[in-house]
């Protein structure tokens, strides 16, 4: 395996290049993987056996494809995939699983641009562009195909035997450690992102052939909602990235809910989410499966809460200021406002949630039938928290004014995030004000719940999307709020004192589907009264 030069370009045996590429990828794109491995195995022989086995498996796989053009193509793809995945995992603690692949595939250009920073570009130059150029620069030594085939098989077999020996020598420790910390496997680049992308592509291809199964086709409006000509308007605000820990309504030591605290709202401080990212949590919220039985394939193959509402004769509307409805709004009225031309609310090709308000005012003032309208917020979506609030809500300073939040101090990140919670507080208060102003013509109610929480640098984690089994509480503990007009409470029989007595009970997104059916008095076989948060507080 001698290294030689042809002209000014080095010439290397294909097997040697394969080994060097394996070393390069494992050394430059797997910091998080190695840190978790050290935590799991310690600094003893188990770590050496596991790490050596992983390297030998990588090298064996590359040696098996060590043929001119093929090896270089695979090496280029390995560096191109590993470098950006490693940056987001190492910088923010984000695991590139199939949910993250889906979020990336369905994100908007406007949202994605905040993830493309100078630090990312510098990282890609150093750990993708430079290695790729080196791979392209070197030449692979010419060898006959038969000789190369025999050599590749022999070397790969040797590596596999050595790898198996290392694994066998510490088999019990390796099995236990990987079961206890599954993130080790998920953070291995490039196999983690590649396998996740394959899973997402396979599921997307299968979902494209699926027709929605009917849900709640027996739905009808119940007695109290049918008893009056005055329409009910239920506004469901699907929040984004709000964590309960930063709501002053839940005991946070900063006043982040000054508007809501002055209103007659019902706050639920003990609520857990279905997932830790929008692609998982949002469709789960609007499905009837519950977290334990939920899967994206199930949700895609079934009608949602919105469809059940239409079966009952209720107008169902979805307005979006985020990355879409994730398949929930199929078959109903849908409008995206992410690129609305309203300078008061929008700039740089994105809008704050206040863009909903004028449309909601018009809808409520002209409502002539029972209506369910969902407002899907941009909320506190990061990393550009500073884009989520106007200047007059820039109360906590200094605030992080860049999407490169790891370059800001922890205080600056929290200040920016808390300002975004202030914006949601004002937005919800404005929605309530609209419903209050039209009590003479509609019976209004609002039900707000965030899809998931957020990490702000605690324990080195930023953003969200950590696998649920190991996710910190700040990513799964979410705010939930309800408000009912006096006319709505009177008509539906809701007892406010009863509601307030039950706020400290534990709730979750599992309650979301059935509670909304109850709020709209929809009678259907898919309604589970045991999961309706408000049922026991309705006077019979």
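Observations on the model:
- The ranking of 306, 212 by Cβ neighbour count inside 10 Å, starting from the fewest, reads 212, 306.
- Region 277-374: relative contact order in percent, alpha carbon pairs under 8 Å with at least 6 residues between: 25
- Mean residue ellipticity at 222 nm, helices only, the chain: -13500 deg cm²/dmol; runs of at least 4 DSSP H residues each add -39,500 (n - 2.57), and the sum is divided by the number of residues.
- Spin-label model distance (nm) - residue 45 vs residue 458, 7 Å beyond Cα toward Cβ: 4.1
- The chain - share of DSSP beta bridges that are antiparallel (%, nearest 5): 40
- Rg ratio (alpha-carbon, reference 2.2 N^0.38 Å) - the chain: 1.13
- Three-way shape label, region 4-206, alpha-carbon gyration tensor, a/c 1.5: oblate
- Ascending count of other beta-carbon atoms within 10 Å, so fewest first, for 385, 67, 87, 45: 45, 67, 87, 385
- Sorting 480, 387, 100 from the fewest to the most surrounding beta carbons within 10 angstrom yields 387, 100, 480.
- Between region 491-540 and region 126-148, the alpha-carbon center distance in angstrom: 64
- Stretching residue 528 away from residue 440 to a fully extended chain increases their span by 28.5 nm, per 0.36 nm per residue minus the current alpha-carbon distance.
- Here the relative contact order of the chain, from alpha carbon pairs under 8 Å that lie six or more residues apart, stands at 20 percent.
- When only Cα pairs below 8 angstrom with a gap of at least 6 residues are kept, region 4-206 shows a relative contact order of 42 percent.
- With both labels modelled 7 Å from their Cα along Cα-to-Cβ, the residue 31 to residue 430 distance reads 4.0 nm.
Every read-out reported here was derived from the displayed coordinates using simple, explicitly stated rules and does not represent laboratory data. It should be emphasised that the depicted structure is a prediction, and the values quoted were computed from it without experimental measurement. In this analysis, Cβ positions are derived from the backbone assuming ideal geometry, glycine residues included, and neighbour counts consider all displayed protein chains.
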